[in-house]
Amino acid sequence: MDNAWHFYISGVMGTQSQIIQLGYSSPCSLYKGFPMIRLFIVVVFAFFLVSSFSYSQALYGHEMNQFRERVAIPIESKQDIARLVKADIEIDRCSLEEKTVYAYATPEEVKLIEYLGFQATLSPDIIGKNTRENSYHTYEALTAKLKQFAKDYPSIAKLESIGQSVEKRELWILKISDNVEEDEAEPEVKYVSTMHGDEVVGQEMFVYLIQLLLENYGKDAQLTALVNDLEIWIMPNMNPDGTAKKRRYNSQWVDLNRNFPDVQSDINNDPTGRAVETQAMMKFSGSRNFCLSLNFHGGAVVMNYPWDTMAGDPPNVELVRFLCLGYSKRNIPMYKSTSFKDGITNGYDWYEVNSGMQDWNYHWHNCLDLTVEVSQQKWPGADTLPQYWKDNKESLLWSLAQARRGIQGIVKDKVTQKAVEAKIQVSNISKVFTTNKGNGFYNLVLMPGKHTVKFTAPGYEDYILNVLVEDNDVKIYTVNVNMIPQIR
Ligand SMILES: [Zn+2]
């Protein structure tokens, strides 16, 4: 048999010949701008007497090696930032414009900061006010709302918990897809917010987003297509204990975004000994095959991409930057940033973060995770939320649609037609992708251009596919692959 390998694209039968033109149709017009009031609230606090242990103990009664306050540290240069990172000071954000590093530090660490020749002034984030018209969801209110969504839209929304927080709050995640009870052969995307408990704007953006997708299913063609074509997983709050305490850390003073296996220093992808919230996320993400994700933070307005932990471009940096820029361009305040060119930055270029979730997703699971710093103030007044939604709505929808860019399909045994667990490599992308366990589904988010895709599996001949992705519009093409068993 010579023409043994068959695939089809959009219903067109082909043979083993290797060039596939992926023509694109409907242009994607998602650019809408909204004015925004810049939120820049600078509050000057009295100088914090850093050596005074009694102050903190009397006020909070926490163990001193765990208790952390947010401080502002005046700096002059990037070298100053590097010195603080090297001393293991936990940086919240830094700005060369403001000549300031914001960090979280115990009184002991404040002493270290001073020993290094810097000053540290107490600089807590301001918690915004709720109004009758606008308020943030408490854990209880969020739980009720998510349950109501699942109840009102049972065919496209399913509420799951990936585990519990230290204080036994559920870590809710809402799955949105057609045939939601089934694990379908569709690209998987996840949006996660508020792993830092006091960075809450993202949580509210997700409630808006969920409502938009559910209410418009079957009414709006574009939104319906997203729900039909993808498996969308949305987690409004990964750190509900932190949010309940209005602070960054979980209830055991763990910073969840410093708690994942590190790309450089960890050899194994092992959840043992980490915070329960981190463990839950590791197990959940590891059980699925996400291609793209966003994780929402606050305290700045910028798209931040891997790596955080080391210098240099991540694999497929062209796609990485394209996705960041796509988000930023649709969010006017972000795109017009005076701190970051076009509102995007390489994580390490900004400041080094070790053991973060973004790097972990991409390194260990090939899930391209981007950090969205969504608001300058972490917890702005709730009356600002509608404006944040206007600023982020098109970006969020555009980002979901990108999971349909490239090729997808099922890898099967040519003879038995059973799903094959295959490894997939793409020319010029230094990553090894895999098919889903069980159904043999794969999807590759690809930029325009020529790509050689190689499928390998033990006991099968290699399968090589040459793909030409033609232009920039979003469309995914189905390329099923029949692997030929090796003759022994
Ligand atoms: Zn954060």
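Any of K158/K219; K190/K393; K412/K450 with alpha carbons more than 22 Å apart? Name them for me.
Numbers: K158/K219 20 Å; K190/K393 16 Å; K412/K450 24 Å.
Violating the 22 Å Cα-Cα cut-off are K412/K450.
If you put +1 on each Lys and Arg Cβ and -1 on each Asp and Glu Cβ, how big is the dipole of the stretch 342-488 around its Cα centre, in Debye rounded to 20?
Roughly 820 debye for the stretch 342-488.
Output ³J(HN,Hα) for the stretch 115-124: one whole-Hz value per residue in order, computed from phi by the Karplus curve 6.51 cos²θ - 1.76 cosθ + 1.60 with θ = phi - 60°, and x for Gly and Pro.
4, 6, x, 9, 10, 10, 10, 4, 8, x
Taking the Cα centre of the chain as origin and charging only Cβ (+1 Lys, Arg; -1 Asp, Glu), how large is the dipole, in debye to the nearest 20? Intermediate values should be presented prior to the final figure.
Working: 49 positive and 59 negative charges, 94 e Å.
Around 460 debye, computed over the chain.
In debye to the nearest 20, how big a dipole does the stretch 139-256 give about its Cα centre with +1 on each Lys and Arg Cβ and -1 on each Asp and Glu Cβ? Please report the intermediate quantities before stating the final value.
Numbers: 13 positive and 21 negative charges, 139 e Å.
Dipole of the stretch 139-256, to the nearest 20 debye: 660 debye.
Towards the positive end of the charge dipole of the stretch 69-137, with charges on Cβ (+1 Lys, Arg; -1 Asp, Glu), say which of C94, F118, T106 has the farthest Cα.
It is C94.
When N counts the residues of the stretch 139-404, how does its alpha-carbon radius of gyration compare numerically with 2.2 N^0.38 Å, as a ratio? Intermediate results must be reported in sequence, preceding the final value.
On the way: Rg = 17.0 Å, N = 266, 2.2 N^0.38 = 18.4 Å.
Its radius of gyration relative to the 2.2 N^0.38 Å reference: 0.93.
Of N130, H451, A244, which is farthest on the positive side of the dipole of the chain, counting Cα position, with +1 on Lys and Arg Cβ, -1 on Asp and Glu Cβ, and the Cα centre as origin?
Of N130, H451, A244, it is N130.
Applying the Karplus parametrisation 6.51 cos²θ - 1.76 cosθ + 1.60 with θ = phi - 60° to the phi angles of the stretch 209-217, what ³J(HN,Hα) value in whole Hz is obtained for each residue in order, glycine and proline being reported as x?
Using θ = phi - 60°, the values come out as 5, 4, 4, 4, 5, 6, 5, 9, 5 Hz.
Name the long-range amide H neighbours of E90: under 5 Å, sequence gap of 5 or more, or other chain; modelled H, no Pro or chain starts.
Counting only residues 5 or more places away or on other chains, the set is Y104.
Along the Cα-to-Cβ line of E108, 7 Å from the Cα, sits a label point; which residues in the stretch 242-261 have backbone N less than 20 Å from it?
Output list for this probe position: 249-256, 258-259.
Given H placed 1.01 Å from N in the peptide plane, which residues other than close sequence neighbours of D198 have an amide H under 5 Å from its amide H?
R247, R248
Please turn the phi angles of the stretch 302-309 into ³J(HN,Hα) values with the Karplus equation 6.51 cos²θ - 1.76 cosθ + 1.60 (θ = phi - 60°), one per residue in order, whole Hz, x for glycine and proline.
Running phi through 6.51 cos²θ - 1.76 cosθ + 1.60 with θ = phi - 60° gives 5, 8, 10, 10, x, 8, 8, 8 Hz.
Residues of the stretch 367-409 with backbone nitrogen within less than 19 Å of a virtual label 7 Å along the Cα-to-Cβ line of N480, please, listed as ranges.
In the stretch 367-409, the label zone of N480 (backbone N under 19 Å from the point 7 Å along Cα→Cβ) covers 407-409.
Computed from the mean reciprocal separation of all distinct C-alpha pairs, what Kirkwood hydrodynamic radius does the chain have, in Å? Before the final figure, lay out the partial values.
Values: mean 1/r = 0.0420 Å⁻¹.
It is 23.8 Å.
Between T138 and S265, with labels modelled 7 Å along Cα→Cβ, what's the label distance in nm to one decimal, could you check?
Between T138 and S265, the label points sit 3.9 nm apart.
What net charge do the residues around F149 carry, taking every other residue with its C-beta under 13 Å from that of F149, with Lys and Arg at +1 and Asp and Glu at -1?
Values: positive: K145, K147, K151, K158, K175; negative: D152, E160, E215.
Here the charged neighbours net out to +2.
Put +1 on the Cβ of every Lys and Arg and -1 on every Asp and Glu Cβ in the chain; which of F433, G197, W233 then has its Cα farthest towards the positive end of the dipole?
The one lying farthest along the dipole's positive direction is W233.
Would you pull out the residues with amide H under 5 Å of I75's amide H, same chain only if 5 or more places away, H placed 1.01 Å from N?
Residues meeting the amide H criterion: T100, V101.
Any idea how far apart K283 and S427 come out in nm if each label point goes 7 Å out from Cα toward Cβ?
Between K283 and S427, the label points sit 4.3 nm apart.
Considering only the other residues whose Cβ falls under 13 Å of the Cβ of E373, what net charge follows from Lys and Arg at +1 and Asp and Glu at -1? Don't skip to the end; give the middle numbers.
Values: positive: R93, K378; negative: D92, E199, D308, D391.
Net of charged neighbours comes to -2.
Per DSSP H run of at least 4 residues, take -39500 (n - 2.57); add these up for the chain, divide by its residues and hand me the 222 nm value, nearest 500 deg cm²/dmol.
Working: 13 runs with 128 residues, N = 488.
Calculated mean residue ellipticity at 222 nm is -7500 deg cm²/dmol.
Cβ neighbours within 10 Å, averaged per peptide: list 450-459, 281-290, 350-359 in order, most packed at the top.
Packing order, densest peptide first, comes out as 350-359, 281-290, 450-459.
Every number in this text was worked out from the coordinates using simple rules, so none of it is lab data. Every value quoted in this text rests on a predicted model; they were computed, and no experiment measured them. Note that each Cβ is placed from the backbone with ideal geometry, even for glycine, and that neighbours are counted across all protein chains shown.
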